[in-house]
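First up is the structure itself, then whatever we jot down about it.
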Amino acid sequence: MGLDRPQAWLLGLPTAAVYGSLAFFTTILHNVFLLYYVDTFVSVYKINKMAFWVGETVFLLWNSLNDPLFGWLSDRQFLSSQHRRSGAGLSSRAVVLARVRALGWHGPLLALSFLAFWVPWAPAGLQFLLCLCLYDGFLTLVDLHHHALLADLALSAHDRTHLNFYCSLFSAAGSLSVFASYAFWNKEDFSSFRAFCVTLAVSSGLGFLGATRLLRRRVEAARRDPGCSGLAVDCGLCGEELLVGSEEADSITLGQYLRQLARHRNFLWFVSMDLVQVFHCHFNSNFFPLFLEHLLSDHISLSTGSILLGLSYVAPHLNNLYFLSLCRRWGVYAVVRGLFLLKLGLSLLMLLAGPDHLSLLCLFIASNRVFTEGTCKLLTLVVTDLVDEDLVLNHRKQAASALLFGMVALVTKPGQTFAPLLGTWLLCFYTGHDLFQQSLITPVGSAHPWPEPPAPAPAQAPMLRQGCFYLLVLVPITCALLQLFTWSQFTLHGRRLHMVKAQRQNLSQAQTLDVKMV
């Protein structure tokens, strides 16, 4: 009986906590990957510059295309209706179970692909290319199914906010792996860091297996619980047995689906705003070390800069817990709009104050990254609302959650590429300092991939500092103005959002009764 007590305790965990723990098992790997993969291949494996650029170019194409590809492969059956009397069809609970089973497979494979970075097993250029594509492929599969579950496990804004709260909490805990990694990182003796990565991968893989097993049991148990109804987070998809399919035998092609999206007005305004947001998030990530070096390096120590770098990974998740509490009270639309106004106000204040107010400058650099990353995390909730509206507008029998998340990523991921390109061009425009002529841009947290360029001439240094300052404040001002305009055109909030959710709820109940009668 003693062995049953831990199992009973685990089964008693809230569904939201089990769902949120999946974010922890992803974050402990991904932040370490972001910090060290470039430095590992450049400084330890000695990859040459041409192979590095080829790998990054192929990775850019793969990273942009795999989201809609995997989303289409996952959810295309939900866009096709099959004759009910044929016996084919899926219930909403079956859809959730399929996503959970996919996470149970893809999570451990993500951990295995993470391990492939830290052991040399092929020529450096080939290993770099294969590792990037494998890792990003499994990461995309995990992210798509995890985000899709947010839309499939809960319908109400309160329940989805509750799920996202636990994701932020566990993501903040997972970000602590960044601090632990500093104790093991040593380019000369790589064995201790390799052992650390093995520990992370094993923990993540086992965590995915355990969490998905618990989540699967919770959803299966909900079917046998007569006291549970609706899309309650702590009851799973109880009572939700609508079938995918109808009397019509029509099938929807990819071209038809894209035309439907092109007519989805709120989707178009959202991805326009989110493209700017993705650009700003990655701009902050790419140029955070540059701003620290040229604006604050004379006033803070190297260790303080490292601590600020680590905190920039953890603080957005902790800050998001407060934002989510505001979302429960005021709604996601109002909170996001408030963050855009805050970004604009702080940037204008910093522009007026100038680069010599160091305490305000330090606060602005930190808050700019934290608030921008926090906004990115809130937008997942908006996509789940778009999933609901897509289902209602196009009379789907099942929400194509993963596919819609994939289409959002397809449109917005180019912002990742525009960020370093436009940022370096603007820096060169303001100062004449061309980073590409001297070194490769280094991702956040990595050591310099190639020898560090000589410091700018004394006469050029003030101009470079001034250029970095204008880059720091004018980019968020421009982004905020663009986002305030596009966000003002987005109408899926307030009364319309309540109407969409009511229609989806009524559709679910009507189809549930129809299935029971059949």
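The values are calculated or read from the model by the stated rules, or taken from the named source; none is laboratory data. Keep in mind it's a predicted model, so treat the numbers as computed, not measured. Note that each Cβ is placed from the backbone with ideal geometry, even for glycine, and that neighbours are counted across all protein chains shown. SASA here: full protein model, heavy atoms, side chains in, ligands and nucleic acids out. Shrake-Rupley method; radii C 1.70, N 1.55, O 1.52, S 1.80 Å.
Sum up the charges of everything whose Cβ sits under 13 Å from the Cβ of residue 414, counting Lys and Arg as +1 and Asp and Glu as -1, but leave residue 414 out.
Details: positive: 413; negative: 67, 274.
For residues surrounding residue 414, the net value is -1.
Using Cα pairs closer than 8 Å and at least 6 residues apart in sequence, work out the relative contact order for the stretch 15-223, in percent.
Here the relative contact order equals 46 percent.
Please work out the average accessible area per residue across the stretch 15-223, using the 1.4 Å probe convention, and give it in Å².
Computed with neighbouring chains in place, this is 38 Å² per residue.
For 325, 74, what's the largest-to-smallest order of accessible area, 1.4 Å probe?
Output order, biggest surface exposure first: 325, 74.
Largest first, how would 189, 274 line up by accessible area (1.4 Å probe)?
Details: 189 80, 274 20 Å².
Largest to smallest exposure gives the sequence 189, 274.
Mind checking the full-extension length gain between residue 417 and residue 122? Use 0.36 nm per residue of separation minus the Cα-Cα distance, one decimal, nm.
Residue separation times 0.36 nm, minus the Cα-Cα distance, leaves 103.4 nm.
With all pairs of different alpha carbon atoms counted, what Kirkwood hydrodynamic radius in Å does the stretch 15-223 show? Don't skip to the end; give the middle numbers.
Working: mean 1/r = 0.0540 Å⁻¹.
It is 18.5 Å.
What nm value, rounded to one decimal, do you get for the distance between residue 353 and residue 191 when each label is placed 7 Å out toward the C-beta?
Using points 7 Å along Cα→Cβ, the separation is 5.0 nm.
Of 501, 377, which has the most accessible area and how do the rest follow, probe 1.4 Å?
Accessible-area ranking of 501, 377, largest first: 377, 501.
Under a Cβ-Cβ cut-off of 13 Å, what is the net charge of the residues other than residue 172 that fall near it, where Lys and Arg count +1 and Asp and Glu count -1? Could the numbers behind the result be given before it?
Values: positive: 377; negative: 373.
Summing Lys and Arg as +1 and Asp and Glu as -1 gives 0.
What number comes out for the charge environment of residue 379, summing +1 per Lys or Arg and -1 per Asp or Glu over other residues with Cβ under 12 Å away?
On the way: positive: 377; negative: 274, 373, 385.
Taking every other residue near residue 379 into account, the sum is -2.
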